[in-house]
Structures are given as structure tokens and as C-alpha cells.
Amino acid sequence: MTSPCMDRAADTIACAERVVVLTGAGVSKESGIPTFRDAQTGLWAKYNPEELATPQGFLKDPQLVWQWYDYRRRLVMEALPNPGHLAIYHLEKVLPVVVVTQNVDGLHKRAGSSDIIELHGSILRFFCFDEHHSADNVECNLQAPPLCACGSLIRPAVVWFNETLPPDALQRASELVMQADVVLVIGTSGLVQPAASLPWTAKRHGAKVIEVNPDRTPISDLSDIFLAGPAGVLLPQLVQLVEDRVGKPTS
Ligand code: NAD
């Protein structure tokens, strides 16, 4: 027995020709990866985002910032994609889907999604602070950042506060939401700009906005349909209903 909202959401998605799935930290919560607010707990609770997630914080205390990202990287590497990530992958078998994520954990890729825009980079990649040379094969469990051949500190390839998003990624994401019929917004608080403005851009250009989140957010009032609950529970149900409407995938 499904809810009327869920049926309406499935009808809306099944009629769409272009779907953008916009995700935030909430979609990875059921993989055991803390959301931004959850992550500020335990041993690390005494630090604020300016200390741990800004270029200024990194230059002030590279060792502290390195260890914080190393801890999060190990969490990510031990985690597995959850039923929410897998449902998003299954959706692309029946409809054209692009995933635009604020997450840095690489779990959409590991779930199988093929077209992913990582707006905030990846915790699994690195580059050097001064020259932006990319750096591969950086070990976990280092106590401090290694050095690039050019002498600069290696840093995680994530977008920190006070930094701009990769322009190509942001431009493609903006164009996609302007052309989309449906934007599915999953597990984001809608507070971190400029990603938070994408649902508004989508709405202005005529897309239907469907939100999945256990709690209401600033995006909820704008959404055509709000599905209250965890992504790992609701998305498999929703994608099953879409598959029932458009026909099962061929493989
Ligand atoms: P956020 O922490 O600000 O908000 C998380 C949202 O997820 C909240 O609205 C919460 O209600 C919702 N949520 C919690 N459990 C959920 C579930 N099971 N299913 C669906 N939704 C659920 O996250 P944000 O909006 O992504 O912004 C924070 C920033 O922190 C982003 O820039 C992001 O890059 C970064 N971040 C990334 C990760 C990751 O890569 N997994 C983790 C933490 C933070």
C-alpha cells in the first residue's frame, strides 16, 4: 500500500524525459557516513568548520585538517552504497538521469550511477595546495599531509568554505536543472550555496521538484511533492513504482 504522495511522485517521474537527482549528505547517512552536522560530534566536536574545512584552516594547522579528512576518508572507504544510492542507479535504467551531488564520498559511483557531477569534489582524490597538481596513491593513516614534487602541501580534492565550485561542474548542473522535467532533491538541508539554489532555478524553469528528507527544509515549501522519510527506505519504493509505470529495465 503506497501513499498518495508516493504515487503522485512516481507518476510525475514516469512522465519525465529529463531527470536530475540532486543529493546531499542525507543520502549517505544510511551507509553510516555522518551528515555535516552529525560529523561535528565526538572527538572533533570542539572544532568549528572554519578550522577544519577552509583553506585558511588548512594553512594554519595542516596536520589537524589532514587527520580530520583521513578519519572521514577511512569511514567512506569502509562504507557501502545503501538502498537509496542503488535505487538512484536503477532509475537510470528506465529514464535519462544525471546525478548532481554535494557529497564527496564517491558512493553514487560505487552504486553504479554513470553520469555524476561532483559539485564539491571528492575526498578520495588529492591535489597540491599551491599549483593544483593532481596527486594519486596517497596513503591513508598519514599523520600529516605529504608534499608534492613541487614542494607544496597535498590536500584533499574537496571544495572548502571560502572556495568556489569547479566552474564546469556548476555550469553543467545549472544547465541541466534548467532543462529538467523533474528534479529529485534528496537528503540536503538546502543551506549550502550555491548548490542550495539549484532547486529554485529548476522551479523557475518549469521543472517539478520532488523532495525526499525525514525533515522539512527551506526547499520543502517550494517542492511540488515532499516525501517524508529516509532515502534508503523511500527511494527503492519510489523507483519500483516508476519501473511499474514505464516498464522494467531490459537488463
Ligand atoms: P547537511 O548535513 O547540511 O544536511 C543533511 C540533510 O539530510 C538534512 O536535511 C537531514 O534532514 C537529511 N537526512 C538525514 N538523514 C537522511 C536520510 N536517511 N535520508 C534522507 N535525508 C536525510 O548536508 P548537505 O545539505 O549535503 O550540506 C552539507 C555539506 O557537507 C555539503 O557541502 C556536503 O558536501 C558536505 N558533506 C558531505 C558528506 C558526504 O560526502 N557523505 C557528509 C557530510 C557533509
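A few points about this structure:
- For the range 136-231, the relative contact order comes to 20 percent (Cα pairs under 8 Å, sequence separation of at least 6).
- FRET efficiency, Val192 to Asp115 (Cβ-Cβ, R0 25 Å, nearest 0.05): 0.70
- Placed amide H near Leu222: partners under 5 Å, 5+ positions off or other chain: none
- Fraction of accessible area attributable to carbon and sulfur, the chain (%, probe 1.4 Å): 53
- MRE, 222 nm, helices only [DSSP H, n ≥ 4, -39500 (n - 2.57), over the chain, to nearest 500]: -10500 deg cm²/dmol
- Quotient of C-alpha Rg and 2.2 N^0.38 Å, computed over the range 159-198: 1.23
- Formal net charge of residues neighbouring Pro83 (Cβ-Cβ distance under 13 Å; K, R +1; D, E -1): 0
- Computed over the alpha-carbon pairs of the range 1-93, the distance histogram in 5 Å steps reads 2, 10, 16, 17, 15, 11, 9, 8, 7, 3, 1, 0 percent, short to long.
- Cα extents for the chain along the principal axes, largest to smallest and rounded to whole angstrom: 56, 37, 33.
- The chain: relative contact order in percent, alpha carbon pairs under 8 Å with at least 6 residues between: 27
- Here the extension length gained between Tyr47 and Cys5 equals 11.1 nm, from 0.36 nm per residue of separation less the Cα-Cα distance.
- Note on the chain: with a GNM built from Cα contacts shorter than 10 Å, the maximum mean-square fluctuation among Lys93, Lys60, Lys109 falls on Lys60.
- In this structure, the amide hydrogen of Phe127, modeled 1.01 Å from its nitrogen in the peptide plane, lies closer than 5 angstrom to those of Ala135, Arg155, Ala157, counting only residues at least 5 positions away or on a different chain.
- On a per residue basis, the chain carries 48 Å² of accessible surface, using protein heavy atoms and a 1.4 Å probe.
- Over the range 137-251, volume per residue of the alpha carbon convex hull, in Å³: 204
- Residue among Leu107, Leu147, Leu234 with the largest mean-square fluctuation in a Gaussian network model of the chain, springs linking Cα atoms under 10 Å: Leu147
- Using C-alpha pairs below 8 Å separated by at least 6 residues, the relative contact order for the range 45-181 is 24 percent.
The values are calculated or read from the model by the stated rules, or taken from the named source; none is laboratory data. Predicted model, so just to flag it, every value in this text is computed and none were measured. Cβ atoms come from the backbone with ideal geometry, glycine included; neighbour counts cover every protein chain shown. Only protein heavy atoms, including side chains, enter the accessible area calculation; ligands, DNA and RNA are left aside. Shrake-Rupley method; radii C 1.70, N 1.55, O 1.52, S 1.80 Å.
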